[in-house]
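This report concerns only the one structure given below.
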Amino acid sequence: MKKVLFVMLAVCLLCVGGVVMSHAAVDITEEFTDLNFRAAVYGMIHKTTSAPIYNTDVAEIRSVDVSDRNIKDLAGLKWFREVEIFYCDGNQLTELPALREGLKELNCAGNALTALPALPDSLMFLDCYNNQLTSLPKLPDHLRILNCAGNLLTALPTLPPEIYQLMCNDNELETLPVLPAELNYLFCENNKLIGLDVTSLTDLHALYCFFNNMTSKDAVVGFTGEWDGEHFIFDPQNEATDPDPDPDPDSDAPFWSTWPPILVSLLRYVLFGWLWMNWF
């Protein structure tokens, strides 16, 4: 009887030991091969650089902001098992690692990315402004805001039905895909568009389509509002739209229409950030 009890006790101890071992902290310091990324992680977990980084230190972090840290590689990001918000803008990244399902916000603007990985279905906000992207992957169905301005895009993928703000200005676009009815803000200036169909947009709050190749305002099909030079801006275009050489003082062209497009884009980028902070 004593032998049986001893065996049962030994088995229990082995099981408990296995559970403890399975939950033991793992040193993942060397996983962060980019020293600038590693330093940012140390700051997040409030440890000195002489201490190890354990998987348990980062496993439950939901918001990660490593903007403007001169990071070139995000190796080690996989250990952030619960991250929902990830900002890595203003670095020197040429690629992103696989993105976890559950991620809701991604800001990777101002890097040197030439492609994006597959986007998780959970993503609602994507800012990939000012990279070197030539195409975008399939967009998640629940994406609400997309800023892909300042890239080398010649086409956009199908837009998700819930998107309400699209910034695709400063690219090489000749056409846009079908625009979902939920879209309220469309910034598509400084492309190569020869026409635009906004018939489906019944609640449009802003439309910037200047610096394209449209020869008249009739090229914007379905627009029933007023070109007020503030929220709805058509002029100027890359090709002249007015045969009259004399400037019209009552023209709907905004006073900043002669500003460089990049300056206009930067100002609008600030507006974009303000809208995001106040809508969510």
Of the convex hull enclosing the alpha-carbon atoms of the range 78-119, the direction-averaged projected area in nm² is 2.8
Go ahead and run the numbers for FRET between Glu101 and Thr48, Cβ-Cβ distance against an R0 of 41 Å, rounding to 0.05.
0.80
Scoring only Lys, Arg, Asp and Glu (+1, +1, -1, -1) among other residues with Cβ under 15 Å from the Cβ of Asp68 yields -2
Which ordering of Glu172, Glu230 is given by a fewest-first count of other beta-carbon atoms within 10 Å?
Glu230, Glu172
Can you check what the Kirkwood hydrodynamic radius comes to for the range 27-112, Cα pairs only, in Å to one decimal?
12.8
For the range 107-220, the convex hull over Cα atoms projects on average to an area in nm² of 6.2
Exposure proxy ranking, count of Cβ atoms within 10 Å, fewest first, for Asp141, Asp34
Asp141, Asp34
Using unit Cβ charges (K, R positive; D, E negative) and no other charged atoms, how large, in debye to the nearest 20, is the dipole of the range 27-112 about its Cα centre?
60
Each residue of the range 206-221 in order: what ³J(HN,Hα) in whole Hz does its phi give by Karplus 6.51 cos²θ - 1.76 cosθ + 1.60, θ = phi - 60°, with x for Gly and Pro?
7, 9, 10, 9, 6, 6, 10, 10, 7, 8, 7, 5, 5, 6, 8, 6
Proxy exposure order for Met167, Met214 (fewest C-beta within 10 Å first) is Met214, Met167
Compute the distance in nm between two label points, each set 7 Å from the Cα along the Cα-to-Cβ direction, one at Thr202 and one at Asn70.
5.4
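Values in this text are rule-based calculations from the coordinates and carry no lab data. For clarity, every value in this text was computed on a predicted model and none was experimentally measured. Because the Cβ atoms are built from the backbone with ideal geometry, glycine has one as well, and the counts that use them run over all protein chains shown.
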